[in-house]
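I have placed the structure first, in the form of structure tokens, so that the comments after it can refer back to it.
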Amino acid sequence: MARSPPLLFLVFLLSSPLCFVSVLSQSPPRGLFIDCGSASGLSTTDGLRWLPDIYIDAGLSHNLTLPNLLPVLSTLRSFPFRSDLYSPLKFCYSLPAFRGGRYLVRTTYFYGGFDNGSAPPVFDQIVDGTFWTIVNTTADYAAGMASYYEGVFLAAGTQMRVCVAANTYTTSDPFISALEMILLDDSVYNGTDFRKHAMGLIARSSFGSAGSITRYPDDRFDRYWQPFSDSTRAKSSTHNITTADFWNLPPAVVFNTAMVADQGRPLVLLWPPNSLPDAIYYIALYFADTSSPQSTRTFNVFVNNYSFYSNLTVSSSGLVVFSNQWNLSGQTMVTLTPGSPGTPLISAGEVFGLFLIGNLTITRDVIAMEQIRENIDPPPPGWSGDPCMPRDYSWVGVTCSYLRQIRVVSLNLSSMGLSGSISPYISNLTALTNVSLANNNFTGHIPNLSRLRNLEKLHLQDNQFTGTITLSFVNLTKLQELYIENNNLTGDIPPSLFRNGLDFRYSPGNNFSSAPRPPNK
């Protein structure tokens with residue numbers, strides 16, 4: 001979560017006017033619904049088509065055989081936890097996206113004892129270069145329920161990477177049961193600057209409802225509206241809200257129930273029900289007076305005793321009041337006090353936490369690292385998602401700089417049992433200062449590295465490289481260590497490599513055409 005703002009900024013937020021608009025229609029969700037761990041996918045009774053698990057090449061699929069389990073929860077994908085690496089591993093789904101599109105991302109987890117353990121693991125979620133939240137499904141699993149997490153993110157490119165990642169809380173394998181990525185209309189949650197922030201759902205409630213979760217097809221984006229009811233104050237109707245120009249596009253059905261105050265008294269809700277950390281939140285509250293087509297009522301809205309909206313007039317057409325930045329801490333109390341005429345009521349509400357978007361590694365370095373990965377068999381563990389971000393989850397063996405631009409500055413893949421070849425794309429990593437591929441089984445030619453002008457150390461010893469030493473090494477004027485012994489290199493060694501300041505090791509091994517002789521000093 002983002003830290004709370006300075007006091008002066010907070011006062012401005014609490015005293016600033018809020019916006020309200022009046023309500024829109026629905027259409028099928030556009031996006032991807034992935035049945036994690038499934039080889040065939042499935043169609044569910046609500047009309048959604050769940051795709052097989054084809055957007056990731058890591059991890060293991062598991063089938064759960066528990067009775068009465070929803071089909072989507074009957075499979076999952078787990079990922080290996082490793083404590084022997086300097087960086088924790090992240091495992092990422094790479095999903096096609098529209099650049100600049102605003103997406104609802106929902107991850108679902110049901111442990112089911114897939115690893116014969118006694119409790120679910122606790123791990124992290126990441127989207128692109130942004131740490132999202134800790135996943136802890138322990139309480140839900142103990143109650144026999146699945147857990148879901150929902151956020152809203154901007155697609156920075158033509159792919160969005162949704163990752164799970166090990167952390168220090170448990171030492172068992174992270175997993176995921178289902179993954180959804182749904183494209184939202186441009187108007188939805190448009191009060192947030194998604195170039196700076198993402199939104200993580202805290203609560204989305206349908207007040208006065210005691211039934212099941214409201215979702216697709218009632219909600220065109222398959223958002224989950226959880227019932228929140230007090231039987232003594234719940235009210236329901238069959239009045240249909242005319243949906244038009246309601247920017248968050250809530251489902252009309254959530255306006256058919258409400259929590260209503262006793263006559264002449266305030267309505268007080270402890271909502272959301274969980275205590276919140278001190279941070280900045282997005283709050284949207286939805287109202288409709290459905291008692292009759294011509295009815296209206298006026299009342300005041302307070303959040304934690306601060307005025308959220310004064311003299312709010314609610315009619316049968318429905319409206320929403322919202323704040324895109326509001327400070328909350330601990331237990332939240334929403335209070336509706338009577339105005340004139342009428343009794344306060346509330347139909348629905350949403351609360352999101354706002355958190356800062358992490359920067360991304362520059363595109364050129366990302367493309368280069370992905371090409372390097374494609375040439376390595378097997379790829380190093382956890383090489384998915386952004387190579388450098390989040391900062392604690394850089395790729396194994398990769399060191400980055402975090403100045404004005406995020407760049408890859410070091411590759412250390414020594415003694416990792418790797419084979420394959422070095423992609424020529426390595427020359428695009430122009431910030432590299434150190435490369436060590438020593439003691440592996442790499443083959444093929446050493447590519448032209450003349451563009452790596454910052455390279456100081458190049459360790460390629462104890463592999464199976466072939467070909468000759470090209471003059472590209474000569475241009476690496478900052479090079480201080482060049483180790484190429486124990487390969488299958490041939491030809492002549494450029495005499496200029498025997499220079500002061502360069503520790504050059506070329507034997508034993510190799511098949512140079514003649515014994516190289518250093519130039520006269």
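The set of residues from the stretch 425-452 being under 18 Å from T470 (Cα atoms) and hydroxyl-bearing (S, T, Y) comprises Y425, S427, T443, S450. If you filter the stretch 134-157 down to residues that are modelled with pLDDT of 95 or more and hydroxyl-bearing (S, T, Y), you find that the one that is farthest from the chain's Cα centre (by Cα) is S147.
In the stretch 31-54, of all residues being charged (D, E, K, R) and either crowded, with 21+ Cβ neighbours inside 10 Å or under 19 Å from the mean Cα position of the chain (by Cα) (or both), the one that is farthest from C92 (Cα to Cα) corresponds to D35.
Can P508 be described as open to solvent by less than 50 Å² (accessible area, probe 1.4 Å), modelled with pLDDT under 95 and not hydrophobic (A, V, I, L, M, F, W, C)? Considered against the rule, which asks whether it is open to solvent by less than 50 Å² (accessible area, probe 1.4 Å), modelled with pLDDT under 95 and not hydrophobic (A, V, I, L, M, F, W, C), P508 comes out as no. Could you grab me the full set of residues in the stretch 471-499 that are touching a residue at least 24 places away in the same chain (Cβ under 8 Å), in a loop (DSSP other than H, G, I, E, B) and either over 14 Å from L432 (Cβ atoms) or of a type in the set (D, E, K, R) (or both)? Scanning the stretch 471-499 gives T477, K478, I484, E485, N486, N487, D492, I493, P494. Residues that are modelled with pLDDT of 95 or more and assigned to a loop (DSSP other than H, G, I, E, B) were ranked within the stretch 361-384; the one that is surrounded by the fewest Cβ atoms within 10 Å (Cβ to Cβ) is I362.
Just one of the listed residues (S94, S177, S83) is of a type outside the set (F, W, Y), more than 13 Å from the chain's Cα centre (by Cα), open to solvent by 10 Å² or more (accessible area, probe 1.4 Å) and on the phi < 0 side of the Ramachandran plot, and it is S83.
Condition check ((1) touching a Ser or Thr at 6+ places or on another chain (Cβ under 7 Å); (2) over 20 Å from G157 (Cα atoms); (3) open to solvent by 30 Å² or more (accessible area, probe 1.4 Å)) across all residues:
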site: P387; (1), (2), (3): yes, no, no
site: G397; (1), (2), (3): no, yes, no
site: I406; (1), (2), (3): yes, no, no
site: S414; (1), (2), (3): yes, yes, yes
site: G417; (1), (2), (3): no, yes, yes
site: I422; (1), (2), (3): no, yes, no
site: S427; (1), (2), (3): no, yes, no
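Here is a yes/no grid of residues against (1) open to solvent by 30 Å² or more (accessible area, probe 1.4 Å); (2) at pLDDT 90 or above; (3) touching an Asp or Glu at 6+ places or on another chain (Cβ under 9 Å); (4) aliphatic (A, V, I, L, M):
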position: N439; (1), (2), (3), (4): yes, yes, yes, no
position: I446; (1), (2), (3), (4): no, yes, no, yes
position: L458; (1), (2), (3), (4): no, yes, yes, yes
position: N463; (1), (2), (3), (4): no, yes, no, no
position: K478; (1), (2), (3), (4): yes, yes, yes, no
position: E481; (1), (2), (3), (4): yes, yes, yes, no
position: N486; (1), (2), (3), (4): yes, yes, yes, no
position: D503; (1), (2), (3), (4): yes, yes, yes, no
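Would you check which residues across the stretch 259-286 are buried (at least 19 other Cβ atoms within 10 Å of the Cβ) and closer than 15 Å to V303 by Cβ and list them?
Narrowing the stretch 259-286 to residues buried (at least 19 other Cβ atoms within 10 Å of the Cβ): 259-261, 267, 269, 271-272, 280-286.
Passing the criteria: L267, L269, W271, P272, I280, Y281, Y282, I283, A284, L285, Y286.
If you filter the stretch 140-174 down to residues that are in a strand (DSSP E or B) and among the charged types (D, E, K, R), you find that the one that is most open to solvent (accessible area, probe 1.4 Å) is R161. Checking each residue in the stretch 44-65 for being at pLDDT 90 or above, more than 29 Å from R373 (Cα to Cα) and either touching a Lys or Arg at 6+ places or on another chain (Cβ under 9 Å) or of a type in the set (K, R) (or both) picks out only R49. Of everything listed in (1) in a strand (DSSP E or B); (2) modelled with pLDDT under 90; (3) not basic (K, R), the single unmet condition for N116 is (1).
The values are calculated or read from the model by the stated rules, or taken from the named source; none is laboratory data. All values derive from a computational prediction rather than experimental measurement. Because the Cβ atoms are built from the backbone with ideal geometry, glycine has one as well, and the counts that use them run over all protein chains shown. Each accessible area value is taken on the protein alone, full model and side chains, heavy atoms only, with ligands, DNA and RNA left out. Shrake-Rupley method; radii C 1.70, N 1.55, O 1.52, S 1.80 Å.
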